[in-house]
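Have a look at the structure below, then the notes.
A short reminder: the numbers here are calculations on the coordinates, not readings from a lab. Everything quoted here is computed from the prediction, not taken from an experiment. Here the Cβ positions follow ideal geometry from the backbone for every residue, glycine too, while neighbour counts run over all protein chains shown.
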Amino acid sequence: MTLSTHDTPLSQDEVLQRIGEVRERLGEDVYILVHHYERDEVVRFADVVGDSLELSREAAAQGRARYIVFCGVDFMAETAAMLCGAQQTVLIPEPTAHCPMAAMVNADEAALAYGRLSSLWGGDLLPITYQNSDAQVKALCGRHGGAVCTSANAGTLFRWALGQRGHLLFFPDEHLGTNTALAMGLPQQEIALWNPREPEASSERAAGARVVVWQGYCHVHTRFTVSDVQRVRREHPSARVIVHPECPAPVVQAADGAGSTGYIVREAVEAPAGSTLAIGTEINLVARLARRHADKTIIPLARSLCGTMYRIDERKLLRTLESIEAGRPEYVVTVDAETTRWANEALQRMLSVG
Ligand code: 13P
Ligand code: SF4
């Protein structure tokens with residue numbers, strides 16, 4: 001059979017119909033995991049839609065399907081490929097769906113920071129990486145007794161780490177790291193920033209800290225400002241404002257609540273009819289929640305799109321499914337055995353602790 005291409009003359013309706021048909025023919029051989037930020041045309045074909053923790057758990061638990069199609073960004077598909085069974089294959093419909101924040105740390109830079117801080121504190125340090133990082137950074141954490149966390153369980157993992165060691169080094173989101181440490185009651189002066197371009201100055205700054213956060217960020221979430229929160233409160237005085245913890249600390253502090261995309265979905269479901277919710281996260285999710293909960297007023301704090309999530313569309317999903325059916329699976333996600341072994345140490349700690 002021939003594969004659909006991007007310039008296929010198929011209409012949108014034909015594409016959607018074909019996806020349904022191929023899926024049916026593939027039956028239990030294929031399982032589609034979709035992150036909340038994906039577009040509706042992709043979400044509608046999901047076996048499971050979730051936040052990155054929920055999707056990791058699914059990948060680890062779903063042992064039946066031969067093929068897992070992961071509609072999300074690179075680090076999520078990579079995590080699924082490491083957690084799923086040896087007989088399973090993970091595919092991503094768009095291989096260039098790289099999360100820019102995950103690319104802000106690499107294993108060499110991370111090892112340098114870990115080595116310096118570990119010497120400073122005589123080994124009394126544990127590394128934790130946000131799931132938004134590559135497999136090598138996860139493996140580094142696994143090798144040194146550390147763990148992975150997501151925005152859904154960062155507090156639990158931070159408490160776990162600081163229960164064992166005096167200090168914690170967190171890659172690569174300074175905002176999630178800072179928000180989590182502040183929520184645990186750590187004073188700002190015990191939180192230091194690690195700038196990978198200035199290891200000397202960063203080591204000096206870290207001297208009085210308990211938590212050191214890597215200087216990385218998500219451009220989708222740093223777009224939200226305290227002024228956005230103030231404007232929404234002026235225009236909608238009864239609104240509840242919730243944001244993702246990748247937003248800067250002043251925005252999280254100005255909001256009424258913060259949490260993972262799964263938390264945001266639950267807030268929208270549980271909000272009483274007639275209430276107003278302003279949400280600071282990726283626009284595809286906010287717009288879907290607004291459509292699904294028409295009995296509530298759900299508005300974006302500002303419009304902010306994750307362009308890499310958006311690269312996956314229904315045509316690419318069709319192409320991936322057709323490649324499986326043709327016996328030539330396209331864009332298979334693989335991680336070498338040694339990296340997988342150590343990254344899985346860190347991932348399994350997350351799944352058992354958090
Ligand atoms: P969640 O873990 O909340 O789904 O977030 C993933 C992410 O990339 C947010 O930008
Ligand atoms: Fe990465 Fe930000 Fe997109 Fe999440 S929203 S995948 S952190 S760029």
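If packing is taken as the average number of other Cβ atoms within 10 Å across a peptide's residues, how do 249-258, 25-34, 291-300, 340-349 rank, most packed first? Could the numbers behind the result be given before it?
Details: 249-258: 19.4, 25-34: 17.7, 291-300: 15.0, 340-349: 21.0.
Ranked by mean Cβ neighbours within 10 Å, highest first: 340-349, 249-258, 25-34, 291-300.
At 7 Å along Cα-to-Cβ for each site, give me the label-to-label distance between Gln164 and Asp29 in nm.
4.2 nm
With a cut-off of 19 Å, note down the residues of the range 70-108 whose backbone N falls inside the zone around a label point 7 Å from the Cα of Glu41 toward its beta carbon.
Inside the label zone: 70-73, 92-97.
Exactly which GluC sites (Glu not before Pro) in the range 117-203 are in a DSSP loop and have at most 14 other Cβ atoms within 10 Å?
Working: sites: Glu174, Glu190, Glu200; in loops: none.
Answer by residue number: there is no such site.
Can you list the HN-Hα couplings for the range 169-185, worked out from phi with the Karplus curve (6.51, -1.76, 1.60; θ = phi - 60°), rounded to whole Hz and with x for Gly and Pro?
Here the 3J(HN,Hα) series is 10, 10, 10, x, 9, 4, 6, 4, x, 5, 4, 5, 5, 5, 5, 7, x Hz.
Can you work out the Karplus-derived ³J(HN,Hα) for every residue in the range 274-284? Use 6.51 cos²θ - 1.76 cosθ + 1.60 with θ = phi - 60°, whole Hz, and x for glycine or proline.
Karplus-based 3J(HN,Hα) across the range 274-284 equals x, 7, 10, 10, 10, 10, x, 7, 4, 5, 4 Hz.
Whole-Hz ³J(HN,Hα) for each residue in the range 33-50, computed from phi via Karplus 6.51 cos²θ - 1.76 cosθ + 1.60 with θ = phi - 60°, x for glycine and proline: what do you get?
Once θ is set to phi - 60°, the couplings for the range 33-50 become 9, 9, 7, 4, 7, 6, 6, 4, 5, 8, 4, 5, 9, 6, 6, 9, 10, x Hz.
Can you give me the long-range amide H partners of Leu91? Hydrogens built in the peptide plane at 1.01 Å from N, cutoff under 5 Å, separation of 5 or more residues or another chain.
Distant-sequence amide H within range of Leu91: Ile68, Val69, Phe70, Val333.
DSSP loop (so not H, G, I, E, B), at most 10 other Cβ within 10 Å: list which trypsin sites (Lys or Arg not before Pro) in the range 177-262 pass both filters.
Working: sites: Arg197, Arg205, Arg210, Arg223, Arg231, Arg233, Arg234, Arg240; in loops: Arg197, Arg210, Arg223.
Answer in residue order: Arg197.
For the chain, give me the percentage of DSSP beta bridges that are antiparallel, rounded to the nearest 5 percent. If you can, show how the numbers build up before the last one.
Working: 1 of 37 bridges.
Looking only at bridges with both residues in the chain, the antiparallel portion is about 5 percent.
Can you tell me the dipole magnitude for the chain around its Cα centre, using point charges on the Cβ only (Lys, Arg +1; Asp, Glu -1), in Debye to the nearest 20?
Details: 34 positive and 43 negative charges, 147 e Å.
Charge dipole, the chain, about its Cα centre: 700 debye, nearest 20.
Using helices alone, I'd like the mean residue ellipticity at 222 nm for the chain: each DSSP H run of four-plus residues gives -39500 (n - 2.57), total over residue count, nearest 500.
Numbers: 15 runs with 156 residues, N = 354.
Roughly -13000 deg cm²/dmol at 222 nm, from the helical runs in the chain.
Between Val243 and residues 5 or more places away or on another chain, which pairs have amide H atoms under 5 Å apart, with H built 1.01 Å from N, and which residues are they?
Here Gly257, Ala258, Gly259, Gly280 satisfy the definition.
Using the crude model of +1 on Lys and Arg Cβ and -1 on Asp and Glu Cβ, and no other charge, please compute the dipole size for the range 196-354 relative to its Cα centre, in debye to 20. Display every interim value, and only then the final one.
On the way: 21 positive and 19 negative charges, 104 e Å.
Roughly 500 debye, rounded to the nearest 20.
Below 8 Å, C-alpha to C-alpha, sequence gap of six or more: please give me the relative contact order for the chain in percent. Could you put the intermediate results ahead of the total?
Values: 716 pairs, mean separation 80.2, N = 354.
Taking the mean separation of contacting Cα pairs over the length of the chain, I get 23 percent.
Going by the alpha-carbon gyration tensor, a ≥ b ≥ c the square roots of its eigenvalues, is the chain rounded (a/c under 1.5) or, if a/c is not under 1.5, prolate (a/b greater than b/c) versus oblate? Don't jump to the answer; show the numbers that get you there.
Numbers: a/c = 2.16, a/b = 1.25, b/c = 1.73.
The shape class here is oblate.
Taking amide hydrogens as modeled 1.01 Å from N in the peptide plane, which residues meet the under 5 Å criterion relative to Ile299, leaving out close sequence neighbours?
Leu277, Ala278, Ile279
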